[in-house]
Amino acid sequence: MCVCVCESYFSSVEQRSATHTCPSVSFMASDPSPEQPQRQQPSMWEENFDTENHGVGRKRDYSPVSWSEYFEMMDDVVVGTAESKDVFRVYKSGVDGPLLVLLHGGGHSALSWAVFTAAMTSRVTCRVLAMDLRGHGVTQVRHSEDLSTLTMSRDVANVVRATYGEIPPPIILVGHSMGGAIAVHAASGSLLPSVVGLVVIDVVEGSAMDVLHSMQNFLRGRPKSFKTIDHAIEWSVKSGQIRNLESAKVSMVGQVRRREGEEGDTAEQVSPVGECVAEGNEEFYDLNYATDKAESAASEVSLSDAETLSSYCWRIDLSKAEKYWDGWFRGISNLFLSCNVPKLLLLAGIDRLDRDLTIGQMQGKFMMQVLPPCGHAVHEDTPDKVADALASFMIRHKFAEARSETKSSSYPFMR
């Protein structure tokens, strides 16, 4: 769930109202998945949206899916000494080709890249490393509350070095929303000398800065907890936060955590438990309605009753990171343009470039593609289209070769 930043959501509301080998604990993809929670009836605050099987007498399957369906390996990468170490959860695929370092948006986790990773590795020969940023997913770090761009950019560089050594393969940094901002800062700061490309997904400085004042209200409008993880998945799809059920079933596992028995689960104790974090670009999910709904629910059920009913809550409360929001996005347009590597900007639905990016785009300083109507979680909603765009970008700049089985007119820049 990406609080950072919900440009697509807020613009839609406005439109409606105005018309690396490393010390690690590794798991291969063949490892058995944990037992899935038993399904229950929807809790009181869930929206009654229509679904594909509405009226057909067949309930949709919202049960979670394991990371191993999409990634080849999961590692816990240790950075630092035994006395002062940080442990970052990463998911990897591929053994040859350039390295795609995937950085998720605020409130999300590396699992948001799962479906995209499968699509990407089927198109071009490449390696993928998707990491849970500090304070997110199941990454365990000291000072997890420090979400500054400098700290998170250094985290990315440290994880890559710990995984691939001092001379890693050619790197293409790919970031979504907050992750896009971190990718820009990491690239511009020369923290990773082997960076050869930069891809930013659905984050523009101008529109991001415009909506920061509304973020706290937006966060408060989200459900605080869920009865089961199935319900969290169902909510994410029905609310439009993730418009692709396949992605939601693996992605939401990294966004919520079990409330019961968490004291015994050391892998779940680092990230601060949040009340409500989500990306907010759903075209039909009105902010005022969400807030009214939350207030109405609170008036109908006592706190103790709600806690009894709900077993899952958000892994991180980004509302407590408000002091970092401005630093994530301010100045990223010029930083993006100043990065001396090929660049690609992918936007959801509409072209909303700010002045600096508009001038840069006219001067041919970066490639841009506006994808068909989709939510802010572009790489989750339309993973194949994003994979096609990135594959074309990589082939055009000779970063990678298309897999023989996928060589076709799909990639117009192939030689």
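The values are calculated or read from the model by the stated rules, or taken from the named source; none is laboratory data. These numbers come from a predicted model, not from an experiment. Note that each Cβ is placed from the backbone with ideal geometry, even for glycine, and that neighbours are counted across all protein chains shown. For accessibility, only protein heavy atoms count, side chains too; no ligands or nucleic acids. Shrake-Rupley method; radii C 1.70, N 1.55, O 1.52, S 1.80 Å.
Data for the structure
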item: Among the candidates LEU357, LEU345, LEU337, LEU318, residue that is farther than 16 Å from GLY107 by Cα and under 21 Å from the mean Cα position of the chain (by Cα); result: LEU345
item: Close pairs from the stretch 103-128: first closer than 30 Å to ALA321 by Cα, partner modelled with pLDDT of 95 or more and of a type in the set (Lys, Arg), Cβ under 7 Å, at least 6 apart; result: ALA110/ARG89; VAL128/LYS92
item: Listing of helices (runs of 4 or more DSSP H) fully contained in the stretch 112-197 that carry 3 or more residues being at pLDDT 95 or above, open to solvent by 10 Å² or more (accessible area, probe 1.4 Å) and in contact with a Ser or Thr (Cβ under 6 Å, 6 or more places away or on another chain); result: 114-123
item: Extreme residue, surrounded by the most Cβ atoms within 10 Å (Cβ to Cβ), among residues of the stretch 237-272 that are among the hydrophobic types (A, V, I, L, M, F, W, C) and at pLDDT 95 or above; result: MET252
item: Matching residues, the stretch 92-107, being more than 19 Å from MET252 (Cα to Cα), surrounded by fewer than 24 Cβ atoms within 10 Å (Cβ to Cβ) and not acidic (Asp, Glu); result: SER93, GLY94, VAL95, GLY97, PRO98
item: Search result, residues across the stretch 123-170 that are aliphatic (A, V, I, L, M), under 19 Å from LEU111 (Cα atoms) and touching a Cys at 6+ places or on another chain (Cβ under 9 Å); result: VAL159
item: Elements of type strands (runs of 3 or more DSSP E) in the stretch 296-409, at least 3 residues being open to solvent by 70 Å² or more (accessible area, probe 1.4 Å) and modelled with pLDDT under 95; result: none
item: Verdict on GLU234 being closer than 16 Å to TRP314 by Cα, over 17 Å from the mean Cα position of the chain (by Cα) and either at pLDDT below 80 or of a type in the set (Ser, Thr, Tyr) (or both); result: no
